[in-house]
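For reference, the structure is listed below as structure tokens.
The values are calculated or read from the model by the stated rules, or taken from the named source; none is laboratory data. Bear in mind the structure is a predicted one, so any value in this text is a computation, not a measurement. Positions of Cβ are backbone-derived with ideal geometry, glycine not excepted, and every protein chain shown enters the neighbour counts.
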Amino acid sequence: SEPERVLMEGHYLVGNQGIFKVQEFLGEGAFGKVGKCSKLGSQEMYAIKIIAHVEEGMEEFESMKLIKALDPDENHLIKMYECFSFQNVICLVFEILEESLEDFLNKNKCKATPLTYVRAIAQQMFQALQALKSIGVVHCDIKLDNIMFADKQSLKFKLIDFGVAVETKELSTEIVIQVNPFRAPEVILGLPLDESVDMWALEEYTEATGEKLILEVNPERRITPSQALEHDFITMKHLSGKRCYQDEDVLEKSSSHKGFRRVLKFFRELLHGQYGQWPGAENEVGRHRLLSACKKIYAPLLVYLYHRVCNSLKPGGAPAPQLCALYPVFENKTQMCVKKKMRGGVG
């Protein structure tokens with residue numbers, strides 16, 4: 001069929017602003033494929049999203065039109081050059097970026113992500129969401145593979161894939177948005193929605209700081225993008241005039257801190273008892289993933305523990321507190337089990 005011929009390397013795509021040749025495919029999904037394409041008569045390369053379903057392709061084009069008033073470089077958003085129809089497919093022509101955060105983390109699964117990366121991702125994505133909020137648009141699909149390196153050397157990132165983006169006023173509880181584990185509580189509960197659902201999703205990238213930036217169940221009390229950009233983790237104001245501790249200092253302490261290990265062991269045992277075994281977390285990335293898994297089930301308590309344990313790792317920080325006063329997220333039976341397991345505290 002015509003769409004199948006278009007989705008082949010070496011094929012030519014005739015656009016409004018030139019003719020493109022598909023050099024290779026960078027990825028694919030239910031929508032179709034993304035091709036790395038050269039433009040005839042120039043040395044420029046582009047990423048062209050080839051969408052076999054015409055209606056879906058036009059919906060994404062309409063979503064991209066929502067952000068056309070925003071500067072894509074200044075606001076860390078993917079840049080689109082044109083949209084055209086060719087041989088029964090829709091082609092969206094974007095700037096070509098490097099790799100996604102998901103690919104980066106998969107390739108570096110044995111290494112912890114440096115805090116410099118976390119800070120750069122957080123700052124730039126907060127700026128992106130602040131810009132979207134200013135024009136009343138919600139991305140609705142914040143996740144690892146929708147944040148890409150624009151320039152790995154200078155740690156520049158961009159938010160991509162606005163296929164399900166909508167105006168805030170059009171958000172509906174009738175349609176489930178976001179994917180697990182990035183889905184906000186108000187989406188799950190069918191409550192009124194606004195742009196704060198995107199801020200919930202970004203929590204995944206800031207929890208490693210040990211600061212409770214975003215994880216607020218009540219969207220009305222959740223931090224906004226502009227407030228997040230003023231946080232000490234982003235501005236580094238708290239280090240003014242003090243010795244600057246490197247990421248490695250914190251990682252070394254966190255990997256050997258007795259209280260930190262006991263918290264992880266405790267939650268692993270709880271989850272094993274209820275949900276079965278899975279491979280142990282023997283490195284820093286594994287520990288982070290374990291925390292993420294635990295958080296989905298015991299979010300309020302885990303955030304409290306993680307926040308306090310990480311605070312105890314800071315220079316001059318207080319030891320992790322006794323954990324006899326637990327958050328009321330457990331049923332009585334579970335709470336008794338928790339108290340028994342954690343008797344004597346942590347640290």
Original post:
Where in segment 1-105 are there strands (runs of 3 or more DSSP E), lying wholly inside it, with at least 2 residues that are surrounded by 15 or more Cβ atoms within 10 Å (Cβ to Cβ) and in contact with a Leu (Cβ under 9 Å, 6 or more places away or on another chain)?
Top reply: 19-29, 32-39, 45-51, 80-86, 89-95
Original post:
Can you find a residue in segment 161-170 that is buried (at least 19 other Cβ atoms within 10 Å of the Cβ), of a type in the set (S, T, N, Q) and modelled with pLDDT of 90 or more?
Top reply: no
**OP:** For segment 132-145, indicate whether the set of residues that are in contact with a helix residue (DSSP H, G or I) (Cβ under 9 Å, 6 or more places away or on another chain) and under 25 Å from Met45 (Cβ atoms) is non-empty.
**Re:** yes
**OP:** Answer yes or no as to whether Lys109 is touching a residue at least 12 places away in the same chain (Cβ under 8 Å) and in contact with an Asp or Glu (Cβ under 6 Å, 6 or more places away or on another chain).
**Re:** no
**OP:** State whether the residues of segment 162-172 include one that is in contact with a helix residue (DSSP H, G or I) (Cβ under 6 Å, 6 or more places away or on another chain), among the small types (Gly, Ala, Ser), in contact (Cβ under 8 Å) with a residue 12 or more places away in the chain and assigned to a strand (DSSP E or B).
**Re:** no
**OP:** Output yes when any residue across segment 134-152 is closer than 19 Å to Ile51 by Cβ, in a loop (DSSP other than H, G, I, E, B), of a type outside the set (A, V, I, L, M, F, W, C) and assigned by TED's automatic domain parsing to the domain that holds Ile48, and no when none is.
**Re:** no
Original post:
How about segment 103-150: which of its residues are farther than 17 Å from Phe162 by Cα, basic (Lys, Arg) and over 13 Å from the mean Cα position of the chain (by Cα)?
Top reply: Lys107, Lys109, Lys111
Subject >> Inter-residue pairs, beta-carbon under 8 Å, first among the β-branched types (Val, Ile, Thr) and in segment 12-34, second surrounded by 15 or more Cβ atoms within 10 Å (Cβ to Cβ) and assigned to a loop (DSSP other than H, G, I, E, B), 6+ apart >> reply: Val22/His11
